[in-house]
Amino acid sequence: MSVPSASDQKPSKKDFVSDQDVRWCPGCGDYAILSQVQKVLPELGIARERFAFISGIGCSSRFPYYVNTYGFHSIHGRAPAIATGLKATRPELSVWIVTGDGDALSIGGNHLIHILRRNLDVNILLFNNKIYGLTKGQYSPTSEVGKVTKSTPIGSVDHPFDPIALALGAEASFVARSIDVETKHLQDIVRRAHHHKGTSFVEILQNCNVFNDGAFADVTEKTTKADATLVLEHGKPLIFGKNRDKGIRLRNFQPEVVALGEGISESDLLVHDERNPALAYLIARLGPPHFPTPIGVFTAVDPAPARGSSGRLRLAAVAAAPAFALGGFRWHGEDIVREEVDDVVDDVLHGHDTDGASRRVHQGDVPETPDAHLVECVGNWVGEPEHLGVGRHQVAHRPVEITLLELQQQVAFGDDADQSVARHHQQAADTMLTHHSNGIRDGGRGRQ
Amino acid sequence: MPDGATSNSKRVEPRDRVVIRFAGDSGDGMQVTGTQFTTESALAGNDLATLPDFPAEIRAPAGTLAGVSAFQLNFASDEVFTPGDDLDVLVAMNPAALKVNVGDLKPGGILIVDREGFNEQNLKKAEYDRNPLGDGSLDRYQLFQADVAKLTSAALKDLGLSARAVFRCRNFFCLGMTSWLYHRPIGPSESWLSDKFKKTPELVEANIRALRAGYNFAENSELFAVSYEIRPATIAPGKYRNITGNTATALGFVAAAQKAGRPIFLGSYPITPASDILHELSGLKQFNVYTFQAEDEIAGIGAALGAAFGGAIAITTTSGPGMNLKAETMGLALAVELPLIITDIQRAGPSTGMPTKTEQADLLMAMYGRHGEAPVPILAAATPADCFAMAFEAVRIAVRYMTPVILLTDGYLANGAEPWLIPDPASLPDIPVQLRTDPNGFFPYLRDQVTLSRPWVVPGTPGLEHRIGGLEKEYLTGNVSYAPMNHEQMIRVRARKIAGIVREIPPTQVLGPETGDLLVLGWGSTFGAITQAVRELGAAGHRVAQAHLRYLNPLPPDLGSILRRYRTVLVPEMNLGQLVRLIRAEYLVDAVGFNKIQGRPFKVSEIVSRCLRLLDGTTLEESVTEEHP
């Protein structure tokens, strides 16, 4: 932390490496992601002290310790909430949320969807390894149905989330996917996420080589990745395959993989359009086993003035920037300057006072600053509702209910068949209750 | 035009003190009526205290006992500490309101009813077999029956309003009547109506007409033969305003943030009765106030903590079960040692409990409701106006000690109102905030030698980039550390830091004799009832004193010696005995609890009689001890 901010010399990756030893497992995909982010940050033209990395809990959430910027390793799932307070009051900062599939989609699911709908100008990097790593290998909300883990010995029965589809459903304005080992692609996506104004949501497929090794082998192995990956490019047809001879076509509102040639040309294929969230959702539903996994930017909706009734103005729930003209405070660079404090305090304290009408200035009277950082708009593209596509989760089928019931019975009765443990607990509870009710009857007086 | 100075020939009698309650259906506008009567009384120069009491349902079924909403006001020509025990006046708009409230009316008290509200349907809903207006059951009261609905309707007949709109003006007719009865000026209510309904001038006209009609009806009809005058109270000179606890809390935060020269960030999720603080602050953004209505309680405090990281005065507000959800982030806030104010407007629990009713049962949770060794300073306001002072103090302590602070108020303080001497902003203490910018010798957990607080460094400061988090910190550097001795050192230093806040606590004020038979020790909203009770006991010759705690963690340094100067210590609380438990544990004093858990504040009489029994009992026990050593 002693490296001074270098405004006179060009920053480099090493300026963004902290003095802490990185403690992920050897071979973890997180190393690659950390390295790409550290490479991109110095290129962005932002002073190092203006970056803040906020994380929750999990392997990915150790990330801030290793980046030599301001950082906050918080609590499970709450990084979006903490980032909201920071960015709302300090809009000049570049705020990054680093999270994982458990942190963002399970315990922090509520915070995630709400930061996306508010479209706060922060960047979210979600490391998806489809497993709980830090707690040593339980299934996660992105684990496939049937996943056998320590907590699901006969396979998980829960249907997984698709992070991309979830983000699109929450109307995120920038949604992208990359892969830990695709270094160049990942750098490009991180860069674009930074430049997007509004919440940028980036899912990074990341290999946990200890608890879920090879979860994304199809898109990372040299032999299969060209056929298993669909690289999205704005304005380009959806073409993939080692020989770039396969494409995605829409027929009867259903996507299908077609081979180019034999009467099918590029003009028959779907053309990617980042400004079309409906198309983005359709593409988000592509994936194995019948489709390649799309990577790249699914949607990037630029802030634009609301037009007509179909345009939608996005206002954060945060009250907009203060009206500077009324006195009190002004921002001067980083500093807050106090002005006429007593007068203005006096003014508000006297609301409804005894010798005059209220002098309180109501919200409606305060002029909005036109560049209030939280006032943003998105375009009004709405696709056809028929464009539903298919999911990447149809790999396994939900097990029949009897299996689940059997499991429950086993858990409920297996280790305490004659209920002796349960009876013991009940007796202990009764004793405690008698003790406490005596205390309550005595009105808290205790010994007399 | 009626303006408080009545010029009629009816008899005028003086009164020192009046307790009045307006009761009706939850759609009858009783809270508005009571609030306006309060404003009129404040402007008449009386001291006062209020108690709004309403159901949690916005519109409970009309006419039912569950739907009764009431507003009680005690106004006087001398000091007022509580909304009053028994009623001098009850205004009942329907049978249900009568049934629920008449038990609190003094014998001989004034009972004003809307006769037309006592129809068969309403009587049935209120579970009356016979009409109480005619069966003699109300003979012990001065019963005044007015055809309020008919008279209101007649006053508004040429306005072309719907029958429903006309019916809804009845409350202002009643306000007019009671304003005449107690010589209240109705001008302020007229101004309020003009502002409130400025977009619908016909409603301004209708309500003002109803108000004046009620006033004139009372003056001119045969119904009331006497009116009452309550001289202005002799209170300290200065400019006053009426203030509720929630408004005072919000203004205390704003004043403190201005004094600290920092913006305010409030992260909050709507919950009764805390929401009014969010409403209040959301209208004050010209003071660099940011309000954030979060997706849940956790996000509310989380965002506040993020704002604290960024250098704002960070606040979250909540009530009831919302407090449970703050615990995790409070732990983080004290681990990362950032200033944060958690405001808990206590309400009756557990769980959803009784959302609109008051209670003081969150004290032990505030003390201990976090995993690990997680001490947090706790402050508690004693009166609605005191919420301003304690909110201000909470901010001051939070930034000076770089710690989360819990501020406890309750539903009674939050919605109750009293006159507040508006402080001169220049007289408020400064809250010095130094954001560290010097990289030389910087460590994230370098501690101030006196307060043991760490430096506040906000993102954007060049050369001081660092990371904080919930993992245990290495002493000084703040790097992650699992070293056994370091953990104990950090646990101890955090505890010492909070314990050191005793140096901020002013001497505890003892009202009454310096030694004596009984000390009544209270905290929070019991202040008014205890004060009045102790005064009455003192006037009756008992050696009873009172001390009231506004600092609950750490406790005041002089409290132990004060407790030992009295033979007995009584701790009245609206819980099963929480402060009494802390007092007994901390000082090994055999303090006695007095507990009421009914969602309503203590009555003065309840505390007086409990003290009297205790005073008797103490004497008895001592004599027995002497006889049988």
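The values are calculated or read from the model by the stated rules, or taken from the named source; none is laboratory data. Owing to the predicted nature of the structure, the values given are computational and were not obtained by experimental measurement. Positions of Cβ are generated from backbone atoms using ideal geometry, with glycine treated the same way; all protein chains shown enter the neighbour counts. Each accessible area value is taken on the protein alone, full model and side chains, heavy atoms only, with ligands, DNA and RNA left out. Shrake-Rupley method; radii C 1.70, N 1.55, O 1.52, S 1.80 Å.
Which ranges mark the strands (runs of 3 or more DSSP E) fully within the stretch B:17-87 that have 1 or more residues being closer than 18 Å to B:Leu175 by Cβ and within 14 Å of another protein chain (Cβ to nearest Cβ)? Filter on the stretch B:17-87 gives B:47-53.
Pairing each residue of the stretch A:72-92 that is more than 20 Å from A:Leu126 (Cα to Cα) with any residue that is basic (Lys, Arg), provided the two are 6+ apart or on different chains, yields C-beta distances under 8 Å for A:Glu92/A:Arg50.
The set of residues in the stretch B:417-442 that are under 30 Å from B:Pro462 (Cα atoms), assigned to a loop (DSSP other than H, G, I, E, B) and of a type in the set (A, V, I, L, M, F, W, C) comprises B:Ile431, B:Val433, B:Phe442. Scan the stretch B:129-147 and tell me whether some residue there is basic (Lys, Arg) and under 21 Å from B:Asn74 (Cβ atoms). No, that holds for no residue. Within the stretch B:233-248, at least one residue is under 28 Å from A:His111 (Cβ atoms), away from every other protein chain (no Cβ under 11 Å) and crowded, with 23+ Cβ neighbours inside 10 Å. The residues of the stretch A:8-23 that are under 25 Å from the mean Cα position of the chain (by Cα) and either in a helix (DSSP H, G or I) or buried (at least 20 other Cβ atoms within 10 Å of the Cβ) (or both), listed by number, are A:Lys13, A:Phe16, A:Ser18.
For the stretch A:40-66, taking the residues that are in contact with a Leu (Cβ under 8 Å, 6 or more places away or on another chain) and in a loop (DSSP other than H, G, I, E, B), the one that is farthest from A:Ala215 (Cα to Cα) is identified as A:Ile57.
Which one is nearest to the other protein chains (Cβ to nearest Cβ), of the residues in the stretch B:257-273 that are under 26 Å from B:Gly353 (Cβ atoms) and surrounded by 24 or more Cβ atoms within 10 Å (Cβ to Cβ)? Here the answer is B:Gly267.
Residues are listed down the side, and each one gets a yes or a no for (1) open to solvent by 10 Å² or more (accessible area, probe 1.4 Å); (2) in contact with an Asp or Glu (Cβ under 9 Å, 6 or more places away or on another chain); (3) in the same structural domain as A:Val40 (by TED's automatic domain parsing):
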residue: A:Phe72; (1), (2), (3): no, no, yes
residue: A:Gly77; (1), (2), (3): no, yes, yes
residue: A:Glu92; (1), (2), (3): yes, yes, yes
residue: A:Trp96; (1), (2), (3): no, no, yes
residue: A:Gly108; (1), (2), (3): no, no, yes
residue: A:Leu116; (1), (2), (3): no, yes, yes
residue: A:Tyr132; (1), (2), (3): yes, yes, yes
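Taking the stretch A:148-196 as the range and being over 19 Å from A:Ile283 (Cα atoms), modelled with pLDDT of 95 or more and among the basic types (Lys, Arg) as the test, the residues that pass are A:Lys184, A:Arg191, A:Arg192. Pairs are defined by a Cβ separation below 9 Å, a sequence spacing of at least 6 or placement on different chains, a first member in the stretch B:122-136 that is in contact (Cβ under 8 Å) with a residue 12 or more places away in the chain and more than 19 Å from B:Gly67 (Cα to Cα), and a second member that is of a type in the set (A, V, I, L, M) and assigned to a helix (DSSP H, G or I); the pairs so defined are B:Asn131/B:Leu123; B:Pro132/B:Leu98; B:Pro132/B:Val102; B:Pro132/B:Leu123; B:Leu133/B:Leu98.
If you go through the stretch B:567-593 and keep only what is crowded, with 24+ Cβ neighbours inside 10 Å and touching a Pro at 6+ places or on another chain (Cβ under 9 Å), you end up with just B:Met574.
Taken as a whole, the condition of being of a type in the set (Val, Ile, Thr), open to solvent by less than 30 Å² (accessible area, probe 1.4 Å) and in contact (Cβ under 8 Å) with a residue 60 or more places away in the chain applies to A:Val145.
Counting the residues of the stretch A:211-236 that are open to solvent by 40 Å² or more (accessible area, probe 1.4 Å), touching a residue at least 60 places away in the same chain (Cβ under 8 Å) and within 13 Å of A:Val181 (Cα to Cα) gives 1.
On the basis of being among the small types (Gly, Ala, Ser), open to solvent by 50 Å² or more (accessible area, probe 1.4 Å) and over 20 Å from B:Thr64 (Cα atoms), does B:Ala154 make the cut? Against the criterion (among the small types (Gly, Ala, Ser), open to solvent by 50 Å² or more (accessible area, probe 1.4 Å) and over 20 Å from B:Thr64 (Cα atoms)), B:Ala154 qualifies.
Consider the stretch B:274-288 and keep the residues that are facing chain A (nearest Cβ under 7 Å) and not in a loop (DSSP other than H, G, I, E, B). The one that is surrounded by the fewest Cβ atoms within 10 Å (Cβ to Cβ) is B:Ser282.
Residues that are in a helix (DSSP H, G or I) and in contact with a helix residue (DSSP H, G or I) (Cβ under 9 Å, 6 or more places away or on another chain) within the stretch B:183-194 comprise B:Gly187, B:Pro188, B:Ser189, B:Glu190, B:Trp192, B:Leu193, B:Ser194, listed in sequence order. For the stretch B:137-159, the set of residues classified as assigned to a loop (DSSP other than H, G, I, E, B) and without any contact (Cβ under 8 Å) to a residue 24 or more places away in the chain consists of B:Ser137, B:Asp139, listed by residue number.
Here's the yes/no breakdown for (1) under 13 Å from the mean Cα position of the chain (by Cα); (2) in a loop (DSSP other than H, G, I, E, B):
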{"position": "A:Glu144", "(1), (2)": "no, yes"}
{"position": "A:Val157", "(1), (2)": "no, yes"}
{"position": "A:Pro160", "(1), (2)": "no, yes"}
{"position": "A:Ala165", "(1), (2)": "yes, no"}
{"position": "A:Leu168", "(1), (2)": "yes, no"}
{"position": "A:Glu171", "(1), (2)": "yes, yes"}
{"position": "A:Val175", "(1), (2)": "yes, no"}
{"position": "A:Ser178", "(1), (2)": "no, no"}
{"position": "A:Lys184", "(1), (2)": "no, no"}
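A single member of A:Val95, A:Val37 is touching a residue at least 24 places away in the same chain (Cβ under 8 Å), assigned to a helix (DSSP H, G or I), β-branched (Val, Ile, Thr) and within 15 Å of A:Ser200 (Cβ to Cβ), and it is A:Val37.
Condition check for B:Glu295 on (1) at the interface with chain A (Cβ under 8 Å from one of its Cβ atoms); (2) buried (at least 24 other Cβ atoms within 10 Å of the Cβ); (3) not in a strand (DSSP E or B): one failure, at (2). The conditions of being touching a residue at least 40 places away in the same chain (Cβ under 8 Å) and within 14 Å of another protein chain (Cβ to nearest Cβ) are met by B:Gly470.
Is there a residue being open to solvent by less than 10 Å² (accessible area, probe 1.4 Å) and not assigned by TED's automatic domain parsing to the domain that holds B:Pro83 anywhere in the stretch B:503-511? Among the residues of the stretch B:503-511, not one is open to solvent by less than 10 Å² (accessible area, probe 1.4 Å) and not assigned by TED's automatic domain parsing to the domain that holds B:Pro83, which makes the answer no.
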